[in-house]
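Each value in this text was obtained by applying a stated rule to the coordinates, not by laboratory testing. What you are looking at is a predicted structure, and each value in this text was computed from that prediction instead of being measured. Note that each Cβ is placed from the backbone with ideal geometry, even for glycine, and that neighbours are counted across all protein chains shown.
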Amino acid sequence: MKTSAALSLSQIPAAPKVQEPDAQELRQGLADHAFVGFYQPQLSLKTGTISGLEVLARWRHPHNGLLTPGYFLQALERHDLMDELFLRLFEQGLILRQKLASLNLPLTMSFNLQPSQLSNPILSQAIKVLLRTHECPARSIIFEITETGTLNPCSVAMNNLLQLKLLGCGLSMDDFGTGFSSLERLCDVPFTELKLDAGFVHKLDTHSACTAIVAHTVSLAASLGVSLVIEGVETPAQLKRLKTLGVSIVQGYAVAPPMADTALLPYILEYIAGSQVVLTSV
C-alpha cells in the first residue's frame with residue numbers, strides 16, 4: 001500500500017550544490033541540534049504491517065536547507081565526529097520509540113554503525129546506558145553494520161558486536177552481496193538480519209541473475225534463521241515481484257520516503273486506517 005505520504009522518485013527535489021563543511025561548521029551543527037533523524041518505514045509483506053524503521057541522518061543546515069549524508073558523512077568521519085552524531089541520533093530515536101510505544105505502536109528501529117565507531121571501546125556500554133535510561137527493550141533495536149570484512153575477530157569492534165548481541169540487540173549485515181559484506185562474515189559475526197543491497201532490486205526486470213540472487217538469499221536467510229530485508233524498492237511492480245519470491249520485509253520509496261518524526265505518526269496512523277491492520281508488538 002502506498003499512502004499520500006509516499007513520493008515517487010521523480011518527486012524527490014534536486015540536490016543542492018554544497019561545499020563540504022569544515023570541522024567548526026560540523027561542531028556548530030551538532031551543538032545546535034541541527035543533525036536529526038529521519039525515519040524510513042519497513043513493510044512486512046506477509047502481514048501488511050509496518051514492522052520497523054531505519055533511522056537516517058539529516059542536517060537542517062541554516063543556509064543550505066535539509067542535507068543528506070552524502071554532503072556531511074565523510075567530513076564527520078574525517079574530523080572524528082561520528083560518535084557524537086550517532087549518540088544524538090540514537091537518543092532521538094529512543095525518545096521517539098518510547099512515544100510510539102506509549103501509543104501502542106511499538107516498532108523496531110535500525111541504526112547504522114561504521115567500522116570506525118565500532119572501534120570505540122565504550123560504545124556498547126554507552127548504548128546499554130541509553131537503553132536503560134529510555135526504558136527501551138534491546139530486542140527492539142537493530143544495528144546495521146557496513147564493511148564487515150574489515151573486522152578483526154580479536155578486535156575491539158568484534159567485542160562491541162558480541163556485547164551488543166548479548167544485550168539482546170539485533171545485528172544486520174548491511175549492503176549484503178557487495179563489497180566486504182561477504183558470506184564468510186556470516187560465520188564470524190552473530191548476525192540476526194541480512195539487508196540485501198538495493199542494486200539487485202533495481203535490476204530485477206533486466207537481469208535474470210538478480211532474480212535468482214534474491215530467491216537464493218531468501219533461502220539462505222531462512223536456512224540461517226535470520227531475517228531478510230530488501231531495500232531500495234521503488235515501484236509497486238517490484239513489491240509484487242519480491243512478494244512472489246518469498247521476501248518478507250521491504251523498504252524503499254514504494255513504501256514511504258524517509259520522514260521527520262513529526263510526519264511519522266500521521267503516516268503510520270493513515271497507513272493503519274487505510275490497510276485496516278494493527279501493528280504487532282515487538
Quiz item: Any idea what Rg and Dmax come out to for the chain if you just take the C-alpha atoms, in Å?
Solution: 18.4, 50
Self-check item: ³J(HN,Hα), Karplus 6.51/-1.76/1.60, whole Hz, each residue of segment 252-269, x for Gly, Pro
Solution: x, 5, 5, 9, 5, x, x, 9, 5, 4, 5, 8, 5, 4, x, 4, 4, 5
Quiz item: Non-local amide H neighbours of residue 53 (under 5 Å, H modeled in plane, Pro and chain starts lacking H): which ones?
Solution: 42, 108, 109, 110
Quiz prompt | Rounded to whole Hz, the Karplus (6.51, -1.76, 1.60) HN-Hα couplings of segment 22-39, x for glycine and proline | solution = 8, 4, 4, 5, 5, 5, 5, x, 5, 5, 8, 6, 7, 8, 10, x, 10, 10
Quiz item: When the chain is modelled as a GNM with alpha-carbon springs shorter than 10 Å, which of 76, 164, 194 fluctuates the most?
Solution: 76
Quiz item: Comparing 183, 245, 30, which has the greatest mean-square fluctuation in the GNM of the chain with Cα pairs linked when under 10 Å apart?
Solution: 183
Exercise. Mind giving me the nanometre distance, one decimal, between the label points for residue 212 and residue 159, set 7 Å out from Cα along Cα→Cβ?
Key: 4.4
Quiz item: Which one of 273, 87, 200 has its Cα pushed farthest toward the positive end of the charge dipole of the chain, where Lys and Arg give +1 and Asp and Glu give -1 at the Cβ?
Solution: 273
Practice problem: Please list the non-local residues whose amide H lies under 5 Å from the amide H of residue 171, H modeled 1.01 Å from N, same-chain partners needing a gap of 5 or more. | Solution: 143, 192, 193
Quiz prompt | For the chain, built as a Gaussian network whose Cα springs stay under 10 Å, the top-fluctuating residue of 57, 222, 198 | solution = 222
Practice problem: Could you line up 134, 216, 61 from fewest to most neighbouring Cβ atoms inside 10 Å? | Solution: 216, 134, 61
Self-check item: Ranking of 158, 173 by count of other Cβ atoms within 10 Å, fewest first
Solution: 158, 173
Quiz prompt | For segment 111-226, alpha-carbon Rg relative to the globular expectation (2.2 N^0.38 Å, N residues) | solution = 1.14
Exercise. Tabulate in residue order the Karplus-calculated ³J(HN,Hα) for segment 97-111, using 6.51 cos²θ - 1.76 cosθ + 1.60 with θ = phi - 60°, rounded to whole Hz; enter x for Gly and Pro.
Key: 4, 4, 5, 5, 5, 5, 9, 6, 10, x, 9, 6, 10, 10, 10
Exercise. Enumerate the amide H contacts of residue 66 below 5 Å, restricted to partners 5 or more residues apart or on another chain; note that Pro and chain-start residues carry no placed amide H.
Key: 61
Quiz prompt | 222 nm mean residue ellipticity, helices alone, for the chain (DSSP H n ≥ 4; -39,500 (n - 2.57); rounded to 500) | solution = -12000 deg cm²/dmol
